[in-house]
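Enquirer: One structure, pasted below without further comment.
None of the figures in this text is laboratory data; all of them are computed from the coordinates on show. What you see is a predicted model, and the numbers here were worked out from it, not measured in a lab. Every residue, glycine as well, gets a Cβ built from its backbone with ideal geometry; the counts of neighbours run over all protein chains shown.
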Amino acid sequence: MSLAKTILIIGVGPGDPDQVTIQAVKALNRLDVVFLMDKGAAKDSLIEHRREVLRRHAPDRAIRFVEAPIPERDRTGDYEAGVRDLNARKGDVFERMIAEGLKDGECGGVLVWGDPALYDSTVRIVEEIAASGRHDLEWEVIPGISSIQTLAARHRTTLNRIGRSIEVTTGRRLREAGPRADSVVVMLDAENAFAGLDDPEAYEIYWGAYVGAPEEILIAGPLAEVTNEIVRRRAAAREANGWIMDSYILRRREPDE
Ligand SMILES: C[S@@+](CC[C@H](N)C(=O)[O-])C[C@H]1O[C@@H](n2cnc3c(N)ncnc32)[C@H](O)[C@@H]1O
């Protein structure tokens, strides 16, 4: 039997335990340990989602939870430097968890919200630890359904129009650079960047919060007409739940729309 430790980075979808793939279920049933590295207001909900995913999909597996407090990002300086610094500190914490929480030959998992390839640092962190050579480590990535796939599906729309391009970006980048592709998918927007666009008449928006989860809210329409409603519903939902995860597709309107 191999004495290497194995890390599985498993995408578990954006909120609905039914949106977990069969490949992810097989991976969950290999786990001895689940590592938890959450922070912020959504922490309890994210942890409960993982527990529910495991109750449903790996009910017979005895899995230990190893939890680490994750440092907050320094919000005083440059954004990218702050994220890099945070990821370095997360890497240190994660490396300690692997060293102390996972025995030789065991399999540990990180259950990533949505898909690990989209605005998530776990792959970069594990890649770096594996490359350091300090541990006998094997690792795999299992894709998950991302929030933007679920957003498009719940609105019964597509991300791109025929033959056109899509840009996936953040609220911060949208504010700085504006929409650049025919369709723009915006994530991580804490400040309603869509409400600050110069020409709201030119766009339609498909907005969704908590997509796939019981709290889900969906609003779509011409941007100029639905902006106020989204801002209002977003603030109320955030207040009621203590946290919000929302994203949207902005699409340039065709001349006859
Ligand atoms: C750190 S990123 C993680 C994205 C994740 N890896 C994925 O595949 O969806 C978090 C952002 O994803 C979006 N998001 C995640 N879950 C969501 C959900 N259930 N409904 C709407 N947007 C969501 C929001 O824009 C949120 O700010």
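Enquirer: DSSP loop trypsin sites (Lys or Arg not before Pro) in segment 127-175 with at most 10 other Cβ atoms within 10 Å of their Cβ, which ones?
Expert: Sparse-neighbourhood loop trypsin sites (Lys or Arg not before Pro): R156.
Enquirer: Going by how many other beta carbons lie within 10 Å of each one, how would you line up R232, R84, R252, fewest first?
Expert: Sorted ascending by nearby Cβ count, the order is R232, R84, R252.
Enquirer: Rounded to a whole number of µm²/s, how large is the Stokes-Einstein D of the chain at 37 °C and 0.692 mPa s, given Rh as the Kirkwood radius over C-alpha pairs?
Expert: Answer, rounded: 167 µm²/s.
Enquirer: Rank V53, V184, V83 by mean-square fluctuation in a GNM of the chain with C-alpha springs under 10 angstrom and give only the top-ranked residue.
Expert: Comparing V53, V184, V83 in the GNM, the peak value goes to V83.
Enquirer: Please state the shape class of segment 9-49: rounded when a/c is under 1.5, otherwise prolate if a/b exceeds b/c and oblate if not, all from the C-alpha gyration tensor.
Expert: oblate
Enquirer: Also, quick follow-up: Please work out whether segment 5-145 counts as rounded, prolate or oblate from its C-alpha gyration tensor, where a ≥ b ≥ c are the square roots of the eigenvalues and a/c under 1.5 means rounded, while otherwise a/b larger than b/c means prolate and anything else oblate?
Expert: oblate
Enquirer: Which of E52, E176, E216 ends up with the largest GNM mean-square fluctuation for the chain, with Cα atoms connected below 10 Å?
Expert: E176
Enquirer: Give me the distance in nm between label points sitting 7 Å out from Cα along the Cα-to-Cβ direction at T76 and L218, one decimal.
Expert: 4.5 nm
Enquirer: Straight-line reach from K39: which lysines fall under 24 Å, measuring Cα to Cα and dropping same-chain residues less than 8 apart?
Expert: K90
Enquirer: May I pose another question? Where does the chain land at 222 nm, in deg cm²/dmol rounded to the nearest 500, when only DSSP H runs of n ≥ 4 count, each adding -39500 (n - 2.57), divided by all residues?
Expert: The helix contribution divided over the chain gives -11000 deg cm²/dmol.
Enquirer: Choose one answer from L46, L86, L159: the residue with the largest mean-square fluctuation in a GNM of the chain with alpha-carbon springs under 10 Å.
Expert: L86
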